[in-house]
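Quick notes on the structure that follows.
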Amino acid sequence: MKLKITIAASEEVFDRVAADRILSEMKSNSTACIGFSTGQTTKNMHALVAADYAAQPFKTDTLTLFNVDELTNLPRSYDGCCYTMIKAQVCDPLNVPEENFIMPQTISDDYERECREFVNELERRGGIDLQILGLGTNGHIGINQPGTPFGSRVWVSPMDPIFEARVRRETGVPDDHYLGGLTLGIADIMHSRRIVLVAKGTHKAEMVRGMIEGPVTEELPASVLQLHPNCEFLIDRDAASLLSPETLATATHIE
Ligand code: GLP
């Protein structure tokens, strides 16, 4: 199967194209259910989405938004919580009502129930129309770390140590305070009707090569996306820098 690969000539072009993918889904389907991803990769594209809406508002009160994953055991008010980030970056600027922002609780006495309620609510709203996915530097998607079975369903995953250290740095959580991540499982992600995987920067180039050109393996979770019938790999030139000439020849290049 030929993969759909889009390579943006610069970070600015990458952010613009990614924002346009989100905006066109929202504008073409006013009841769309759209999954976001937090991190450095998606910040600018969210700002562009918000700016576009501010300049030219459109109907957003029937959209359903959520984030693919969420930290656990941290109050939602922590800056690093996905709830807080997506609310500030997307939901509030776009006036999406709180009841249409589907997020699991970050603090709970029963995370299995939180997981169940999260996917049941997504199901009730018709399933995921568009899922934006970031790429971990170890190849993770959501918080599904290398080795996660492709059949995994929504669950609370341990973080990889590097990411956990970063979250602790960014959120100030002390080392003796357990941190995990509630994430859609790989099987849940694969049920999305459409996926856009976004990655930029040379630090992602190695994983991008593995994800696109390597074998489909649980050791590189994002490689499973090669099997999705409607997934676009949207990357910038830096992230594409290790791709083979054959792959580059099949990609769409945007200047
Ligand atoms: C975290 C999130 C992922 C995201 C990743 C990418 O791991 N839980 O969903 O894809 O960060 O982060 P960045 O864009 O900062 O590289």
State all residues of the range 225-239 that are outside any helix (DSSP H, G or I) and surrounded by 13 or more Cβ atoms within 10 Å (Cβ to Cβ); if no residue qualifies, say none. His228, Cys231, Glu232, Phe233, Leu234, Ile235, Asp236, Arg237, Asp238, Ala239
What number of residues within the range 120-147 are farther than 20 Å from Thr41 by Cβ and surrounded by fewer than 20 Cβ atoms within 10 Å (Cβ to Cβ)? 8
Where the second residue is within 16 Å of the ligand (Cβ to nearest atom) and open to solvent by less than 60 Å² (accessible area, probe 1.4 Å) and the first is more than 23 Å from Met103 (Cα to Cα) and lies in the range 35-57, which pairs have Cβ atoms under 9 Å and are six or more apart or on separate chains? Ala51/Ala19; Asp52/Ala19
What is the one condition in (1) of a type outside the set (Phe, Trp, Tyr); (2) touching a residue at least 24 places away in the same chain (Cβ under 8 Å); (3) within 20 Å of Val167 (Cβ to Cβ); (4) not in a strand (DSSP E or B) that Val96 does not satisfy? (3)
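Return the residue satisfying two criteria in turn: it lies in the range 13-54 and is aromatic (Phe, Trp, Tyr) and crowded, with 22+ Cβ neighbours inside 10 Å, and of such residues it is nearest to the ligand (Cβ to nearest atom).
In this case the residue turns out to be Phe36.
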Among (1) in contact with a helix residue (DSSP H, G or I) (Cβ under 8 Å, 6 or more places away or on another chain); (2) buried (at least 20 other Cβ atoms within 10 Å of the Cβ), Asp79 falls short only on (2)
Yes or no: Thr217 under 20 Å from Thr6 (Cβ atoms), at pLDDT 95 or above and surrounded by fewer than 17 Cβ atoms within 10 Å (Cβ to Cβ)? no
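This table checks each residue for (1) part of a loop (DSSP other than H, G, I, E, B); (2) over 19 Å from the mean Cα position of the chain (by Cα).
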position: Asn138; (1), (2): yes, no
position: Val198; (1), (2): no, no
position: Arg209; (1), (2): no, no
position: Ser223; (1), (2): no, no
position: Ser241; (1), (2): yes, yes
Give the residue that is nearest to the ligand (Cβ to nearest atom), with candidates limited to residues of the range 58-73 that are over 15 Å from the mean Cα position of the chain (by Cα), assigned to a loop (DSSP other than H, G, I, E, B) and of a type outside the set (Phe, Trp, Tyr). Asn73
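The values are calculated or read from the model by the stated rules, or taken from the named source; none is laboratory data. None of these values were measured; they are calculated from a predicted model. Cβ: placed from backbone, ideal geometry, glycine included. Neighbour counts: every protein chain shown. Ligands, DNA and RNA are stripped out before the accessible areas are found, and what is left, the full protein with its side chains, is counted by its heavy atoms. Shrake-Rupley method; radii C 1.70, N 1.55, O 1.52, S 1.80 Å.
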